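Trainee: Structure provided below as structure tokens; questions to follow.
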Amino acid sequence: MNKIKTSILPLLFFFTVISCKEQKKQPDNQLSHASQEIEEHSKKLNDWFESQFEKEVARSPKWQTYLGIKTEDYGKWDDISPKREAEDLKRTKERLAYLIDSIDVSKLNKAASLSYKLMKQKLEDEIKHFDYRFYNYPVNQMHGMQAEIPAFMINMHRIENKSDAEAYISRLNGMNALFAQAIENIKMREKNGILPPKFVFEKVLSDSRNIIIGHPFDKSNKESTLFADFKSKIEKIELTDEEQKDLISKSEKAMIENVMPAFKNLITLLEDQQKRATTEDGAWKFPKGDAFYNIALQRITTTDMTAEQIHKLGLKEVERIHKEMRDIMKQVKYKGTLQDFFSYMKEDEKFYFTNTEEGKKAYLTQAVELIDTMKSKLDELFITKPKADIIVKAVESFREKSAGKAFYQNGTPDGSRPGTYYANLYDMKAMPKYQMEALAYHEGIPGHHMQISIAQELEDVPKFRKFGGYTAYSEGWGLYTELLPKEIGMYSDPYSDFGRLAMELWRACRLVVDTGIHHKKWTREEGIKYYKDNTPNAESDAIKMVERHIVMPGQATAYKIGMNKILELRENAKKKLGDKFDIREFHDVVLTNGAVPLTILEELVGEWIVSKDLDQAMKQ
């Protein structure tokens, strides 16, 4: 990783002071003219950013819905064809050329200069990664259309009037064409040597079949997931009986004529591919697989760390966390090995809610209480806080079997849809009480909800920064905020603190297993065994995690690398600033620029340190 050299900071401080003194000697009219030129050029760039963002939003009906925007496209789907991908590449190259040819970086203010740097890097990365656009699985157990499209309809498509209901039906009617594009994309990947491993098919086929079970897809008395959603939504708006009856009839027709064929065609393709699938799991099996994985790691971690370096870091972190866990064993006076303690935590019923509706309700209630308690502590740690609200929900039944343990869905910028912390309560043995605190902090407050909501609410920042993302930054922040509450007295129960460590351990193991599978050619079974041997998590957790590694190469390495970088920057700032260090100001630097690569975050923190020294010098 690029690091700010300690020796440079005093020189930077010296020249900044000199620069301030020199500026005072310049005539006011010269300063005014230069300042005006900078502001005009910065405005020109920011106006261009906004126009480009609006053009992209206009080309994506789905994105409009995520943003809470309703246009004449509310009933449409995105174009996901190869032709569209080629058009997107052309637009990316044109934008990069504009930045290079039409913008003078020396005439930008600080904020615009950062935006320029971020956009230029983003465009360059998109061009660089275009050759690897087929290196993914459009349908998989983590992010497959078979689950995401129904989830989008249920959670994102709001019905507030008759027009919205008609748009819902229009999207139902558009599903067959949308899935036809997806099917062609999947076939194209297989022609290029990209075929999901065998285990994926059973899961995505199950999800696909679940959607077309129930009325109107069959003669059972049970309503299908989509029909039940549509019916419940239109029952809450003002309609005549005739209008409601007409809309229900049209939705049934759309589901039978377009939704059912869409899913059946996908199922037919997947059943065919399943016959050719193998148990080879790593990215190394792809053409140029090693090169792809190295680029994926650089993009995801926003560092230049190699797979081998990441693997070794993971082993080192696992060893450290195991030691801290043994300290907790002594604290609770547990006799036995760490593995014995893991077994105890897995098997003792007192650490789990019952696998009943009452148990699941109790989990959600306690999760809300944890988030509410943390809200009351925020002033100790933060200057800027989000305006948006957050709710807690269980993952929907149609996708809970294959979905992850927990995740966050951001709300809309206008607050019309709150942020949502989803807890997967399919298997309550995979959701122990002692991990509840860390999960709630990570996904909710002060984790993803704060970070994403604050970014969306930033003023005078281009929208591409408000809504953009870097996995190492966002997930690094999420993991960092599991530790942060401990530093102000949370985790008073040692078992909950063990749960926090168990969550961090899980992310450290990810460094080992992700690189193990994609770099060292570990099998799926070897990855599962590593998690079982080194963590207290349920076997179902281990299986889901390894299968996630396989379909999303490199993604899971971002968490620990991001957390480590934030902690490294914080400790460096404490060391340099001493009594002048303010944790609230540090968090403001991290959060109020939106998501950034870790290298840029390091620069921002370095600038803040220098500015604090400069402020002190000006006071003296």
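The values are calculated or read from the model by the stated rules, or taken from the named source; none is laboratory data. The structure displayed is predicted, hence computed values, not measured ones. Ideal geometry is used to build each Cβ from the backbone, glycine not excepted, and the neighbour counts take in all protein chains shown.
Trainee: For segment 385-425: of the residues being in contact with a Lys or Arg (Cβ under 7 Å, 6 or more places away or on another chain) and outside any loop (DSSP other than H, G, I, E, B), which is surrounded by the most Cβ atoms within 10 Å (Cβ to Cβ)?
Mentor: This residue is 422.
Trainee: Right, next: If we only count helices (runs of 4 or more DSSP H) wholly inside segment 501-586, which ones have 1 or more residues that are assigned by TED's automatic domain parsing to the domain that holds residue 326, under 23 Å from residue 469 (Cβ atoms) and touching an Asp or Glu at 6+ places or on another chain (Cβ under 7 Å)?
Mentor: Where helices (runs of 4 or more DSSP H) fall fully within segment 501-586 and carry at least 1 residues being assigned by TED's automatic domain parsing to the domain that holds residue 326, under 23 Å from residue 469 (Cβ atoms) and touching an Asp or Glu at 6+ places or on another chain (Cβ under 7 Å), they are 539-551, 558-577.
Trainee: Looking at the structure I just gave you, is residue 605 part of a helix (DSSP H, G or I), within 28 Å of residue 321 (Cα to Cα) and touching a helix residue (DSSP H, G or I) at 6+ places or on another chain (Cβ under 7 Å)?
Mentor: yes
Trainee: While we're on this one: Would you say residue 485 is in a helix (DSSP H, G or I), in contact (Cβ under 8 Å) with a residue 40 or more places away in the chain, out of contact with any Pro (no Cβ under 6 Å at 6 or more places or on another chain) and at negative phi?
Mentor: So residue 485 passes the test.
Trainee: Same structure again: Given the options 508, 558, 538, name the one that is buried (at least 22 other Cβ atoms within 10 Å of the Cβ), more than 15 Å from residue 447 (Cβ to Cβ) and of a type outside the set (Ser, Thr, Tyr).
Mentor: 508
Trainee: Same structure again: Restricting to segment 193-247, give me the number of residues that are under 30 Å from residue 136 (Cβ atoms), of a type outside the set (Phe, Trp, Tyr) and not in a helix (DSSP H, G or I).
Mentor: Of the residues in that region, 8 qualify.
Trainee: Going through segment 291-309 one residue at a time, which ones are closer than 23 Å to residue 121 by Cα and not hydroxyl-bearing (Ser, Thr, Tyr)?
Mentor: Residues satisfying the conditions are 291, 292, 294, 295, 296, 297, 298, 299, 300, 304, 305, 307.
Trainee: Right, here's the next one. Out of 166, 160, I need the residue that is among the charged types (D, E, K, R), at pLDDT 95 or above and not in a loop (DSSP other than H, G, I, E, B). Which one?
Mentor: When all the criteria are applied, what remains is 166.
Trainee: Continuing with this model, one more query. Any idea how many residues of segment 240-270 are in contact (Cβ under 8 Å) with a residue 60 or more places away in the chain and over 21 Å from residue 224 (Cβ atoms)?
Mentor: Qualifying residue count, segment 240-270: 2.
Trainee: Which residue is farthest from the chain's Cα centre (by Cα), if the candidates are limited to segment 340-355 and must be closer than 17 Å to residue 324 by Cα and in contact (Cβ under 8 Å) with a residue 24 or more places away in the chain?
Mentor: Here the residue is 341.
Trainee: For residue 149, indicate whether it is in a helix (DSSP H, G or I) and not charged (D, E, K, R).
Mentor: yes
Trainee: Of the residues in segment 50-100, how many are β-branched (Val, Ile, Thr), under 19 Å from residue 462 (Cβ atoms) and in a helix (DSSP H, G or I)?
Mentor: Of the residues in segment 50-100, 3 are β-branched (Val, Ile, Thr), under 19 Å from residue 462 (Cβ atoms) and in a helix (DSSP H, G or I).
Trainee: Only residues that are under 20 Å from residue 492 (Cα atoms) and exposed (fewer than 13 other Cβ atoms within 10 Å of the Cβ): list them for segment 349-368, please.
Mentor: Residues satisfying the conditions are 350, 365.
Trainee: What's the total number of residues in segment 488-505 that are without any contact (Cβ under 8 Å) to a residue 60 or more places away in the chain and surrounded by fewer than 18 Cβ atoms within 10 Å (Cβ to Cβ)?
Mentor: 3
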